[in-house]
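The values are calculated or read from the model by the stated rules, or taken from the named source; none is laboratory data. On a predicted model such as this, the values are computed, not experimentally measured, just so you know. We place every Cβ from the backbone using ideal geometry, glycine too, and count neighbours over all the protein chains shown. These area figures cover heavy atoms from the full protein model, side chains too; ligands, DNA and RNA do not enter into them. Shrake-Rupley method; radii C 1.70, N 1.55, O 1.52, S 1.80 Å.
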Amino acid sequence: MVKGLFPASIAIVMMTACSVDEGYMGYDEPATPEEITFSVTTTPASRQTSAAGSHDNDNEFFISARHDGISFINEEPVSLAGGKWINNGKPHLWPAEGDVDFFAYQYDKSAMGGYAPVLDVEKDEARLCMFNVDNDASRQAALRYATSLHRTADGGSVPVQFQQALSDIEFAAQNSSRRLHVEISEVTVSHVYMHGDFIFPYGRQQASWDVSISEPQSSKATFPVKSIGNNMESLGAETTMHLIPQSQDNATSEADYTDGACITFRCAVWLLDEESESPEESDTMLIGEKNPDGSVTFGELRIPVSINWQPGYRYIYSVNFGAGGNSCIPVAGGIMLPIAFSAHSEPIQ
């Protein structure tokens, strides 16, 4: 009886393994099949709470993997279901031998503006190719990445700890002069790369961006007119930009600010009479123009900047009207307008 049952038992095991794996890339036939699951840690996206922030998707990510240098999982969505992070299709099983390298990214593809990046995993490199940042800041979102290397079934769930792949750019403004009235309605960062490949860290290679095949563009944040007060304050969450880390020299006036990075504030600035507390017809416009119908056309304040943005860092650019000391710009009527400009950075926490 024992001899008769033994071959049948072997047949059942083999049929079960084949029925689980048949037709699915990345499935193997381990002696004891174990499903691959994930343990996920997500870092904060940013302080942004505007419409752009709604693109951040903490409940799903995309993952690829390689086993023995060969593609094992090919950019599949992973989501939280039943208390476990698993791919949305048929579960993958650990291979019987060898370890697996995992590469993941988290980003709402509806924020891609019609572009779809491709997670390309080769033997010695993994890239998120053709990543595009929208020119409109309200449609930008944070991009997070994670690597989990040399994993086996013995390690349990695959730890996936996401980090920031982009840089956050924020703006603040202050009006230090009682003789000025300042309003701002738009901020543009020009001559920056908005399209490129993200290269995942591996071994001694750190995370980096390849923008060699793209051309500089601009990122714009438009918002309801803001009157600038005498305290340095953020221009608001709607002005936050999520941009590709990069280095750029500053623009020059000789090239009409087209040869390097430049921040442009679309603004209106009045020089108030001694008795005025708000703009009146008799007050002089230093930036912008008065129209015959009484409306105002905003002008531009262009500030060249050199940049060296790093992944996972926030860069805050601050402009102070009326507090420039010797740093002045010529405006209407040959008046020199004092302007102070500063920048500082901090890790995204």
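Annotations
- Candidate set: region 283-305, residues that are in a loop (DSSP other than H, G, I, E, B) and open to solvent by 80 Å² or more (accessible area, probe 1.4 Å); chosen: the one farthest from L337 (Cα to Cα): D293
- Among the residues listed as I184, I73, the single one being over 30 Å from R302 (Cα atoms) and open to solvent by less than 20 Å² (accessible area, probe 1.4 Å): I73
- Close pairs from region 122-137: first closer than 18 Å to E186 by Cα, partner of a type in the set (A, V, I, L, M, F, W, C), Cβ under 7 Å, at least 6 apart: D134/A111; N135/M194; A137/A52; A137/A221; A137/M241
- A172 vs. criteria surrounded by fewer than 23 Cβ atoms within 10 Å (Cβ to Cβ) and touching a residue at least 60 places away in the same chain (Cβ under 8 Å): yes
- Under the condition of being farther than 12 Å from V158 by Cβ, open to solvent by 10 Å² or more (accessible area, probe 1.4 Å) and not polar (S, T, N, Q), the residues counted in region 76-106 number 14.
- Here Q310 qualifies as in a loop (DSSP other than H, G, I, E, B) and either surrounded by 13 or more Cβ atoms within 10 Å (Cβ to Cβ) or in contact with a Cys (Cβ under 6 Å, 6 or more places away or on another chain) (or both).
- The set of residues in region 76-92 that are closer than 21 Å to D120 by Cα and part of a strand (DSSP E or B) comprises E76, P77, V78, S79, I86, N87.
- In region 209-255, the residues that are open to solvent by 80 Å² or more (accessible area, probe 1.4 Å) and farther than 18 Å from V187 by Cβ: S212, I213, E215, N230, N231, D249, E254
- Looking only at region 123-144, residues that are in a helix (DSSP H, G or I) and either open to solvent by 20 Å² or more (accessible area, probe 1.4 Å) or among the polar types (S, T, N, Q) (or both) come to 2 in all.
- Residues being farther than 14 Å from D134 by Cα, touching a strand residue (DSSP E or B) at 6+ places or on another chain (Cβ under 6 Å) and assigned to a loop (DSSP other than H, G, I, E, B) - total across region 237-256: 2
- The residues listed here are S157, S177; of these, the one that is open to solvent by 10 Å² or more (accessible area, probe 1.4 Å), among the small types (G, A, S) and under 20 Å from F61 (Cα atoms) is S157.
- Exclusive hit being among the acidic types (D, E), in contact with a Gly (Cβ under 6 Å, 6 or more places away or on another chain) and farther than 14 Å from F265 by Cβ, set D168, D210, D154: D210
- Of everything listed in (1) in contact with a Pro (Cβ under 8 Å, 6 or more places away or on another chain); (2) over 22 Å from V187 (Cβ atoms), the single unmet condition for K290 is (1).
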